[in-house]
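One structure is given below, encoded as structure tokens.
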Amino acid sequence: MGCGRWTIYFLTHDATRSAWIQPLAVEYWSNTTNYRGEGYPRRMKTSQKTDDRDTGANLTSPVMAAFKVFQQELDTKHDKHERLVKLSRDITIESKRTIFLLHRVTSVPDVEEVLTEADLKLDGVRLNIRMIAEELRGEDLHQFHRAFTPGIQEYVEAVSFHHFIRHRTLISLEEINTKLVFVKEPEDTPEGQQPMGTPQVLTFQVTPTDYLLGVADLTGELMRMCISSVGNGDMDTPFQVSMFLRQIHDGFSYIGNTGPYEVSKKLHTLRQSLSKVEDACYTLKVRGSEIPKHMLADVFSSRTAMMDQDEGMA
């Protein structure tokens, strides 16, 4: 039955007079379940004055007072959550800018200058992480973890990328957490007086899950650096990156399905990055002498695009 209004007539019988009385019309809307009879009174609405009187009476009850406290606690928690989300976005943006800066190492003569500039950007990112540590003082970290985990993962990716370019190794979780210890000096005091209080130490600990997810994202940046370095005539970096990615892949394979769910999801992306780097190394080893160096980057880019299309069709 379609939408619309229908009118149904009911005949009522009077047993005392053995006669049919005037039919009763009832309106029916096919898209709702409401019936309205013309011969029945409508339900009375509660007056606004009654509601106001009841509300005023309930304000004095201990139940209303308790729920007022709950409301304040929830509002405080939601406000803190929104501040953490904003800080996480700022960390993500600055970390991505640091990664884009680090990709210039394949095309500049002075690598150390780029790394020094990246250090300054990472110091700015740590200031935002310090603000997160201040927000989480006295709070359960895991209660607000979902609010700032995207930014922390991006920071781990930027720091690990910076560490690999400088040392050709993977930074450990302990090394990352060592740089996230902050000292808060006591407030300024008038000249000639001793400072009140002692310096406070704020610490922020990156969780193992965030560390693993950040390292998994690092593999994509290493794959891009590998292709860019070949285009600039660097034939050693692809083989170093390939060996490094194999070690990371072996480590993630040991975890398997026993680790967090997000880690197993990124394992597929890690394998794709490793496959592209190995394909680049194969091309350099087998056909490197046949292809001019200035054309190698175009060859790798076209092969990478073909591999992406094949993976999308599979």
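None of the figures in this text is laboratory data; all of them are computed from the coordinates on show. What you are looking at is a predicted structure, and each value in this text was computed from that prediction instead of being measured. With ideal geometry, Cβ positions are generated from the backbone for all residues, glycine too; neighbour counts draw on all protein chains shown.
Below are the figures for this structure:
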quantity	calculated
Förster radius 45 Å - calculated FRET efficiency between S264 and E113 (Cβ-Cβ, nearest 0.05)	0.70
Relative contact order of the range 201-294, pairs being alpha-carbon contacts under 8 Å that are 6 or more residues apart, as %	41
Protection proxy ranking, peptides 214-222, 267-275, 107-115, average beta carbon neighbours within 10 Å, highest first	214-222, 267-275, 107-115
Burial ranking of peptide ranges 200-208, 224-232 (average Cβ count within 10 Å, highest at the top)	224-232, 200-208
Chain lengthening between R104 and L170 when straightened (0.36 nm per residue, less Cα-Cα)	21.8 nm
Shape category assigned to the range 113-266 from the gyration tensor of Cα positions, a/c cut at 1.5	oblate
At 1.567 mPa s and 4 °C, Stokes D of the range 84-155 from Kirkwood alpha-carbon radius, µm² per second	99
K184 long-range amide H proximity, modeled H, under 5 Å	Q200, V201, L202
Listed residue pairs exceeding 27 Å between alpha carbons, taken from K77/K121; K80/K265; K77/K266; K86/K184; K96/K179	K77/K121; K80/K265; K77/K266
Peptides 119-126, 168-175, 277-284, 242-249 ordered by average Cβ neighbours within 10 Å, highest first	277-284, 242-249, 119-126, 168-175
Karplus-derived 3J(HN,Hα), 6.51/-1.76/1.60, for each residue of the range 82-92, Hz, glycine and proline x	5, 5, 5, 4, 5, 5, 5, 5, 4, 5, 4
